[in-house]
Amino acid sequence: MGRPKKEKYEIEGRFLAEALLLAGSYSAAVKEKKQLQDLMTGTFEYTEDMAIQDLTGGGQQEGERVQTSNISNIPERVAILLADGYVEKQKYRMQREAQSRMNEYRKLCEQVEIVETAVNERMDDRTRAVFVQIYKEQRKKGQVVDECCHRLYRSQVERALSDAIDSIAEELAYREFIDSCEREEG
């Protein structure tokens, strides 16, 4: 006796394509969202040690000009920049950049919310577990099958991935429907 069959709806190809893109970029979107959030709230701390590593590990930061013309001695150059307020300037630059990326942050929030809503509300336990392992933890399908060899076959992992993409596509279609209803009312 297998799992009960879920009702299937015809999902437009554009939603499936967008769902596949959202799933593929989910892990990176979560990380980038967290970084932007940390920058905007000021919880990201740029320290003197980080500045030293940046300055000695590959040249100068974007927009930073050395006022000392012929200093080729790296420790001396780093000391001069640090004394000139390099850390504070970098913190200020990062906060300005975060503010300028507010629209990008909002878009990332929306993308992550769509995927997480689909994961939490539209996926069954097996589909959710496979999705998390493949798309969040960045594991390969073979690893998931090998680790779950007594519970899942390759075809079941493939089916769960397909169901996961369908769930995200359904969430996208639902949100578009709600948006169109709100536009008609307003």
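Go through the residues of segment 135-146 one by one and say whether even a single one is open to solvent by less than 60 Å² (accessible area, probe 1.4 Å), modelled with pLDDT of 85 or more and out of contact with any strand residue (DSSP E or B) (no Cβ under 9 Å at 6 or more places or on another chain).
Yes - at least one qualifying residue is present in segment 135-146.
For residue 108, indicate whether it is over 21 Å from residue 39 (Cβ atoms) and open to solvent by less than 50 Å² (accessible area, probe 1.4 Å).
It is false that residue 108 is over 21 Å from residue 39 (Cβ atoms) and open to solvent by less than 50 Å² (accessible area, probe 1.4 Å).
If you go through segment 131-145 one residue at a time, do you hit one that is assigned to a helix (DSSP H, G or I), free of Cβ contacts under 8 Å to residues at least 24 places away in the same chain, within 30 Å of residue 53 (Cβ to Cβ) and of a type in the set (D, E, K, R)?
Taking every residue of segment 131-145 in turn, none turns out to be assigned to a helix (DSSP H, G or I), free of Cβ contacts under 8 Å to residues at least 24 places away in the same chain, within 30 Å of residue 53 (Cβ to Cβ) and of a type in the set (D, E, K, R).
From the set of residues in segment 8-45 that are surrounded by 12 or more Cβ atoms within 10 Å (Cβ to Cβ) and β-branched (Val, Ile, Thr), which is modelled with the highest pLDDT?
Of everything passing the filter in segment 8-45, 30 is modelled with the highest pLDDT.
Could you tell me which of the residues 113, 171 is among the charged types (D, E, K, R), open to solvent by less than 60 Å² (accessible area, probe 1.4 Å) and either within 21 Å of residue 15 (Cα to Cα) or free of Cβ contacts under 8 Å to residues at least 60 places away in the same chain (or both)?
171
Pairs under 8 Å by beta carbon, first residue closer than 17 Å to residue 131 by Cβ and without any contact (Cβ under 8 Å) to a residue 40 or more places away in the chain in segment 14-38, partner crowded, with 19+ Cβ neighbours inside 10 Å and not β-branched (Val, Ile, Thr), six or more apart or different chains?
Close Cβ pairs (under 8 Å, with a partner that is crowded, with 19+ Cβ neighbours inside 10 Å and not β-branched (Val, Ile, Thr)) do not exist here.
The values are calculated or read from the model by the stated rules, or taken from the named source; none is laboratory data. Keep in mind that what you see is a predicted model, and the values were worked out from it rather than measured. Every residue, glycine as well, gets a Cβ built from its backbone with ideal geometry; the counts of neighbours run over all protein chains shown. Just so you know, the surface numbers come from the protein's heavy atoms only, side chains and all, with ligands and any DNA or RNA stripped out. Shrake-Rupley method; radii C 1.70, N 1.55, O 1.52, S 1.80 Å.
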